Amino acid sequence: MNGTNPSLLQLLDVHTLLEELLLAHQTALLDRNLPAAAHWLQQFDSQLRQHIADEEAWILPVYAEQIDPPEGAKLIFFQSEHEKLLKSLDELHARLMAIEPAGTPLQFGHVLAPPAPSQVSAREIIALLDREASFKDLLQHHDARERTFLYPLLAGHLPESAQREILERVVLGGLSA
């Protein structure tokens with residue numbers, strides 16, 4: 001842990017990382033570089049799933065026990081958004097795999113020479129980006145709910161020692177809290 005005053009608000013740093021990974025994925029899509037797009041989507045997927053797992057294991061149970069949430073910040077909203085995000089993310093993976101050019105196997109974790117842009121349908125890329133816009137809306141809505149309610153309420157309610165204990169348990173995928 002860095003710093004002398006631990007705060008659960010530090011856990012919001014992973015949201016910036018997620019934004020950067022999704023941007024890298026979409027930039028690769030615009031370049032019609034499907035292997036790179038798949039790589040960055042997989043990186044995003046790993047980080048988002050770890051973040052959600054951390055929240056489900058360490059943050060939300062404490063929130064449910066310690067906080068009397070205001071309207072719009074009930075535990076079920078966070079859980080429901082997590083489910084929707086993961087379901088949508090699975091759909092994005094499937095849609096990306098569906099636009100692979102003929103004869104070019106697209107597998108996560110493999111670095112392949114990208115197909116020539118002319119081999120990748122602009123229509124399919126645009127359709128995927130349109131679907132990703134809906135996903136990003138949900139992600140931003142969820143981020144706003146966490147920034148407005150979840151983390152500030154916990155940070156304001158829990159003593160530093162409890163926050164430090166949670167921070168020590170949470171995996172941040174390379175970020176140091």
**OP:** With only alpha-carbon atoms counted, please give the Rg and Dmax of the stretch 30-92, in Å.
**Re:** 15.3, 48
Subject >> Ordering of 66-73, 87-94 by burial proxy (mean other Cβ atoms within 10 Å per residue, highest first) >> reply: 87-94, 66-73
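Every read-out reported here was derived from the displayed coordinates using simple, explicitly stated rules and does not represent laboratory data. These numbers were taken from a predicted model, which means no experiment stands behind them. Every residue, glycine among them, receives a Cβ derived from its backbone with ideal geometry; neighbour counts consider all protein chains shown.
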